[in-house]
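The values are calculated or read from the model by the stated rules, or taken from the named source; none is laboratory data. All values reported here derive from a predicted model rather than from experimental measurement. Positions of Cβ are generated from backbone atoms using ideal geometry, with glycine treated the same way; all protein chains shown enter the neighbour counts. Surface areas here come from the heavy atoms of the whole protein model, side chains and all, with no ligands, DNA or RNA. Shrake-Rupley method; radii C 1.70, N 1.55, O 1.52, S 1.80 Å.
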Amino acid sequence: MTNYQLGLDFAKKQDQNDQLAGFRSQFHIPKDHQGNDLIYMTGNSLGLQPKISKAYVNQELDDWAKLGVEGHTEAKNPWLHYHEYLTETMANIVGAKPIEVVVMNSLTVNLHLMMVSFYKPTSKRYKILIEADAFPSDKYAMESQLRHHGFDQKDGLVLWKSRAHEVLANYDDLETILKEQGDTIALIMIGGVNYYTGQFFDLKRITELGRQHGCLVGFDCAHGAGNVQLNLHESGADFAVWCTYKYLNSGPGSLSGAFVHERHAHKKDLNRFTGWWSHNKETRFRMRDEFDQLPGAEGWQLSNPPILSMAAIRASLDVFEEAGFDNLCKKSKALTGYFEFLIQDLNNPDINIITPSHPDERGCQLSIQVKNADKSLHQKLMDAGVITDWREPDVIRCAPIPLYNSFEDVYKLVARLKTILN
Ligand SMILES: *Cc1c(COP(=O)(O)O)cnc(C)c1O
């Protein structure tokens, strides 16, 4: 959709014609002191709570109260199999086959577990390539893996930097790095959607490039899952991880998803850490057997999982299923395109959107650089009832979420920004 128009009437009309508009009422929208809905633009940081989440969590609390340990098999949703209830919908959302996906642990934990299997440095090929402005935690994780294997973290970490005076990473530069150092790089690990710029990388292109140079390839899709069509299977990546509390609305600190490509599903000799939850389900509780590796992504599980958190994930996935992820992505493009249109119409030379303008190279987030701004801008927006995310030195990140944000939200956000900047 490109025929955007100015004015509140246009926004209201878009909302009236929006088949997904009803989903907003399925979420708890934070309110100001007067009880008015806040303009919530930080679903990329913590997604809002679906109203059904409480019932899903309460179901498990009630069964725990009623049944105690018997709930593992006798609960309405027997806990023993709980993670399996999430797999299919999650696989759909990230574009993977069910055997490639599991929900377990937290994101950074999964990143390390994946690296146990997919970062196998040798004295010649030991480096890890990441994007230069990767999420700091991911960088810390990579550095600690290098140290863990006895390598120098400065020498071992190769940064895919943007060019001088540019913000976005350029694929030609990635090719150059790989041509020059590819035979020393063991692993490429990129944030599928960069948390800062909102740039959605071409996962397939990066994977193919990496594989041409003999590198394994993984993605941190914390900002991609539930936001864009990742098509992980198609990408050919060796692994991916993501959290469920951002775009997947599953509650603070909730569990992570992990993807391991099907070609690794039956490799029993792949190095990995194991626990009873990576053991054959049929014989798990005999507790005497020799270890028998579960195939697929499930085989990377260690522990019996936290059911209460998984219940919240299940609630959220049911909302996604009802809305249809394709529909959501379509609305997302329209909503973010509208957002971009309104920002551009401000015609303010101090404002620069650093997120790619091509709809296929971004998700819903726009990162807006405001010249000479400081954190007081974020506070002023807050005082005006708009929750955005501030990143030093001068960027506000705003993510209109197709499940619960409206065109009117976007209109009001930009109108209030305009007032504040004048
Ligand atoms: C949100 C986010 C994390 C957070 O990791 P946790 O282990 O869930 O705390 C890590 N990496 C990226 C890229 C993120 O966006």
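Observations
- Selection of the stretch 375-389 for residues being more than 30 Å from Asn17 (Cα to Cα) and either buried (at least 18 other Cβ atoms within 10 Å of the Cβ) or touching a Phe, Trp or Tyr at 6+ places or on another chain (Cβ under 9 Å) (or both) yields Lys375, Leu377, His378, Gln379.
- Residues satisfying the criterion are absent from the stretch 136-150 (criterion: of a type in the set (Ser, Thr, Tyr), surrounded by 16 or more Cβ atoms within 10 Å (Cβ to Cβ) and within 16 Å of the ligand (Cβ to nearest atom)).
- Tally, over the stretch 108-127, of residues that are under 21 Å from the mean Cα position of the chain (by Cα) and either open to solvent by 20 Å² or more (accessible area, probe 1.4 Å) or more than 25 Å from Glu298 (Cα to Cα) (or both): 3
- Test: Phe273 is at pLDDT 95 or above, assigned to a loop (DSSP other than H, G, I, E, B), surrounded by fewer than 24 Cβ atoms within 10 Å (Cβ to Cβ) and more than 22 Å from the chain's Cα centre (by Cα): yes
- Total residues in the stretch 340-374, condition open to solvent by less than 30 Å² (accessible area, probe 1.4 Å) and farther than 20 Å from Asp37 by Cβ: 14
- Lone unmet requirement of (1) of a type in the set (Asp, Glu); (2) closer than 29 Å to Leu317 by Cβ; (3) away from the ligand (no atom under 15 Å from the Cβ) for Glu175: (2)
- Breaking point among (1) open to solvent by less than 10 Å² (accessible area, probe 1.4 Å); (2) more than 16 Å from the ligand (Cβ to nearest atom); (3) of a type outside the set (S, T, N, Q), for Gly198: (2)
- The stretch 146-197 - residue that is assigned to a helix (DSSP H, G or I) and among the β-branched types (Val, Ile, Thr) and, of those, nearest to the chain's Cα centre (by Cα): Ile177
- Residue in the stretch 107-116 that is closer than 19 Å to Val260 by Cα and more than 14 Å from the ligand (Cβ to nearest atom) present: yes
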